[in-house]
1. Residues of the stretch 67-119 being at pLDDT below 90, over 14 Å from LYS53 (Cβ atoms) and hydrophobic (A, V, I, L, M, F, W, C), which ones?
2. Looking at ALA83 and the list (1) touching a strand residue (DSSP E or B) at 6+ places or on another chain (Cβ under 9 Å); (2) of a type outside the set (Lys, Arg); (3) outside any loop (DSSP other than H, G, I, E, B); (4) farther than 21 Å from ASN21 by Cα, which single condition is not satisfied?
3. For the structure I just gave you, tell me whether ILE122 is open to solvent by less than 50 Å² (accessible area, probe 1.4 Å), over 22 Å from ASN3 (Cβ atoms) and at pLDDT 85 or above.
4. Considering only the stretch 65-124, how many residues are of a type in the set (S, T, N, Q) and free of Cβ contacts under 8 Å to residues at least 12 places away in the same chain?
5. Just a yes or no: is a residue in the stretch 76-92 over 20 Å from ARG112 (Cα atoms) and open to solvent by 60 Å² or more (accessible area, probe 1.4 Å)?
6. Being on the phi > 0 side of the Ramachandran plot and exposed (fewer than 14 other Cβ atoms within 10 Å of the Cβ) is the filter here; which residues of the stretch 9-66 pass it?
7. So which of SER37, SER44 is more than 22 Å from TYR5 (Cα to Cα), of a type in the set (Ser, Thr, Tyr) and assigned to a loop (DSSP other than H, G, I, E, B)?
Amino acid sequence: MKNDYIKSIVISNTVKNIGINAFVQMSNLTSVKFSRSMKEAPYSAFIDSKKLKKIAYPSNIKKINGNFGGTSRCGLKKIYINAKSLKKSNMKGIPKNCRIYVKNKSVQNRVRKNGFKGRIIIKK
């Protein structure tokens, strides 16, 4: 939750899930390194963390829950989804000017189907 001092977060590989609103209102957060064992990204994780420009989800991620806050509440410019498949996602609140990089057509289709209106790039 709200913290103006944290600039970087590294989530230990023993962590599989993090809570709703985990990184909300962290005005100076610039980087998050996710646990390789993480399977689900929480709802509203990055709202009002506008200095965070890039995130990379690990290959084990299966669910990305939405509400990124749109352009007024989210500073993300690049999202890397390193999973070969996604079971569930909600991408409606990601700003259109953000670019999403995925591993294959299956993930690209899931992201598009679940509300993202911007550019999705397949990058192997």
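1. Residues satisfying the conditions are MET91, PHE116.
2. Looking at each condition in turn, ALA83 falls short on (3).
3. It is false that ILE122 is open to solvent by less than 50 Å² (accessible area, probe 1.4 Å), over 22 Å from ASN3 (Cβ atoms) and at pLDDT 85 or above.
4. Qualifying residue count, the stretch 65-124: 2.
5. Within the stretch 76-92, the subset over 20 Å from ARG112 (Cα atoms) is none.
Scanning the stretch 76-92, I find no residue that is over 20 Å from ARG112 (Cα atoms) and open to solvent by 60 Å² or more (accessible area, probe 1.4 Å), so the answer is no.
6. none
7. SER37
The values are calculated or read from the model by the stated rules, or taken from the named source; none is laboratory data. Just so it is clear, the model here is predicted, and its values are computed rather than measured. Counting neighbours? That spans all protein chains shown, and the Cβs are built from the backbone with ideal geometry, glycine included. SASA here: full protein model, heavy atoms, side chains in, ligands and nucleic acids out. Shrake-Rupley method; radii C 1.70, N 1.55, O 1.52, S 1.80 Å.
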